[in-house]
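Asks: Mind having a look at this structure? Questions to follow.
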Amino acid sequence: MLEKNLTVELKTGLQARPAALFVQEANRFSADVFLEKDGKKVNAKSIMGIMSLAVGSGSKVTIVTDGKDEEEALKALEKYITTAE
Amino acid sequence: MANVHIKDLIDEFRLELVHGERGIHRTISTSDISRPGLEMAGYFAYYPADRLQLLGKTELSFVNGLDERIRRERLRKLCREQTPGIIISRGWEVPPELGEAAEEMGLPILRSQLTTTRLSSRLTNYLESKLAPTTAVHGVLVDIYGIGVLITGASGVGKSETALELVKRGHRLVADDSVEIRQEDEKTLVGSPPDLIQHLLEIRGLGIINVMTLFGAGAIRNFKKIALTIHLETWNQNKTYDRLGLDEETMKIIDCELPRLTVPVRPGRNLAVIIEVAAMNFRLKRMGVNAAQQFSDKLNNVIDTPDYDDF
């Protein structure tokens, strides 16, 4: 299991469209992926869960990955939310 | 775990802050309330200092009858570093010795006009609901014939689609995808949706739909006690699924064990009907009718009767 604390740098934060892309990215991996914000942890493969967190730009989140391709999953998702774009 | 601050209590119960303003950010971490009666009589061996202390008519009139030196000593002993606060009920005067000690320590002394018992029960209720342990679970919560059924399973297994079918059949959606669960007491788990996504359902290919505006107010609920969990998983050839229904599997959420059924998913299996029947069967079992058990007893009876096939 891997865990990483990050600050969201994506300018728009995880609004509906970026959230959908984030979830799509998470679903490419077989590892279980979770996103945690303010002590609330949700499955990163579920769009409603991600949107219920209302992740804005600058918020502190934790990505947790667990499974065969956990490293790749963590890397890809980290890249997605820490790229300002 | 959530914490309640003295300030929240002041706002909620409109308490008067008499002393110790420095301490209004002290936190209350237990819902138990202590009425330090024996402590006032000098017995401090089991003084629960970490609880909110409530002084009523009995305690105060006893204290006021004490010798001044002893009163000062005992009231001072009541004020500890870990004590969140002291509440005086019925609008009684705060003994000056207590006020002094509280000011020194920055311990808030609050006053309410309510009677002690009333205040005590309202405080307990408030603290219990605020301090209840909570968690979030990935799944869908539906109210089926009055039974709160939590459907879990991997992403894409068809939880939301099943929920949609259940709503179409007249059942009620509580939460889709992310269910916030709060343990109200030892045996009660109550699930509710996160505010932002309540009434919504996400169906692959359709996107986000609003169940309340589509199906009406009768199709949703804002919270529901969870009684049963159903785990959906893609059919695994190497796994044996329950064929009898004699054994009950359970799943632990917070400190509560919930009955759990594992239902394999395969094209052609109508999950909504299966889950609907599972809920009905669960109700029936709770009413004392267990079909699997009855059948098994009957079978045992026949096996144990050697001359059964003699006629």
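Asks: Quick one: count up the residues across region B:42-65 that are surrounded by fewer than 18 Cβ atoms within 10 Å (Cβ to Cβ), in contact with a helix residue (DSSP H, G or I) (Cβ under 7 Å, 6 or more places away or on another chain) and not aromatic (Phe, Trp, Tyr).
Replies: Going through region B:42-65 one residue at a time, the tally reaches 3.
Asks: Something else now. Would you check which residues across region B:90-112 are open to solvent by 10 Å² or more (accessible area, probe 1.4 Å) and free of Cβ contacts under 8 Å to residues at least 60 places away in the same chain and list them?
Replies: Selection gives B:Arg90, B:Gly91, B:Trp92, B:Glu93, B:Pro96, B:Glu97, B:Glu100, B:Glu104.
Asks: Exactly one condition in (1) farther than 30 Å from B:Ile203 by Cα; (2) free of Cβ contacts under 8 Å to residues at least 40 places away in the same chain is false for B:Leu127; which is it?
Replies: The single condition B:Leu127 does not satisfy is (2).
Asks: Which residue pairs have Cβ atoms closer than 6 Å, lie 6 or more positions apart in sequence or on different chains, and pair a first residue in region B:235-246 that is touching a residue at least 12 places away in the same chain (Cβ under 8 Å) with a second residue that is open to solvent by 90 Å² or more (accessible area, probe 1.4 Å)?
Replies: Cβ pairs passing all conditions: B:Trp235/B:Arg266.
Asks: Pick out the one residue from B:Thr115, B:Thr83 that is under 25 Å from B:Asn64 (Cβ atoms), surrounded by fewer than 18 Cβ atoms within 10 Å (Cβ to Cβ) and without any contact (Cβ under 8 Å) to a residue 60 or more places away in the chain.
Replies: Criteria check complete, one pass: B:Thr115.
Asks: Could you look through region B:246-269, keep only residues that are out of contact with any Phe, Trp or Tyr (no Cβ under 9 Å at 6 or more places or on another chain) and among the basic types (Lys, Arg), and pick out the one that is surrounded by the fewest Cβ atoms within 10 Å (Cβ to Cβ)?
Replies: Step by step, filter region B:246-269, then rank; the result is B:Lys252.
Asks: In region B:162-197, which residue that is facing chain A (nearest Cβ under 9 Å) and open to solvent by 40 Å² or more (accessible area, probe 1.4 Å) is nearest to B:Ile147 (Cα to Cα)?
Replies: B:Glu180
Asks: Any idea how many residues of region B:112-132 are more than 16 Å from B:Asp185 (Cβ to Cβ) and of a type in the set (D, E, K, R)?
Replies: 2
Asks: In region B:198-233, what count of residues is obtained for those that are within 12 Å of chain A (Cβ to nearest Cβ), of a type in the set (Val, Ile, Thr) and open to solvent by 50 Å² or more (accessible area, probe 1.4 Å)?
Replies: Total satisfying the criteria: 1.
Asks: Against the definition (touching a residue at least 24 places away in the same chain (Cβ under 8 Å) and either closer than 29 Å to B:Asp185 by Cβ or in contact with a Lys or Arg (Cβ under 8 Å, 6 or more places away or on another chain) (or both)), how does B:Pro48 come out, yes or no?
Replies: Here the answer is no, as B:Pro48 does not meet what is asked.
Asks: Can you report the number of residues in region A:2-48 which are assigned to a strand (DSSP E or B), open to solvent by 50 Å² or more (accessible area, probe 1.4 Å) and within 11 Å of chain B (Cβ to nearest Cβ)?
Replies: Looking only at that region, the number is 5.
Asks: Residue check, B:Leu127 against (1) away from chain A (no Cβ under 13 Å); (2) open to solvent by 60 Å² or more (accessible area, probe 1.4 Å); (3) under 30 Å from B:Ile28 (Cα atoms); (4) not aromatic (Phe, Trp, Tyr), all met but one. Which one?
Replies: Among (1) away from chain A (no Cβ under 13 Å); (2) open to solvent by 60 Å² or more (accessible area, probe 1.4 Å); (3) under 30 Å from B:Ile28 (Cα atoms); (4) not aromatic (Phe, Trp, Tyr), the lone unmet condition for B:Leu127 is (2).
Asks: Kindly provide the set of residues from region B:130-144 that are away from chain A (no Cβ under 13 Å) and either farther than 20 Å from B:Gly216 by Cα or modelled with pLDDT under 95 (or both), ordered by number.
Replies: Within region B:130-144, B:Lys130, B:Leu131, B:Ala132 qualify.
Asks: Now for a different question. Going by the structure shown, is A:Gly49 out of contact with any His (no Cβ under 9 Å at 6 or more places or on another chain) and of a type outside the set (Lys, Arg)?
Replies: no
Asks: Would you say B:Ser160 is farther than 21 Å from A:Leu14 by Cα, of a type in the set (S, T, N, Q) and out of contact with any helix residue (DSSP H, G or I) (no Cβ under 6 Å at 6 or more places or on another chain)?
Replies: yes
The values are calculated or read from the model by the stated rules, or taken from the named source; none is laboratory data. Not measured: the values here are computed from a predicted model. Backbone-built Cβ (ideal geometry, glycine too); neighbour counts: all protein chains shown. Just so you know, the surface numbers come from the protein's heavy atoms only, side chains and all, with ligands and any DNA or RNA stripped out. Shrake-Rupley method; radii C 1.70, N 1.55, O 1.52, S 1.80 Å.
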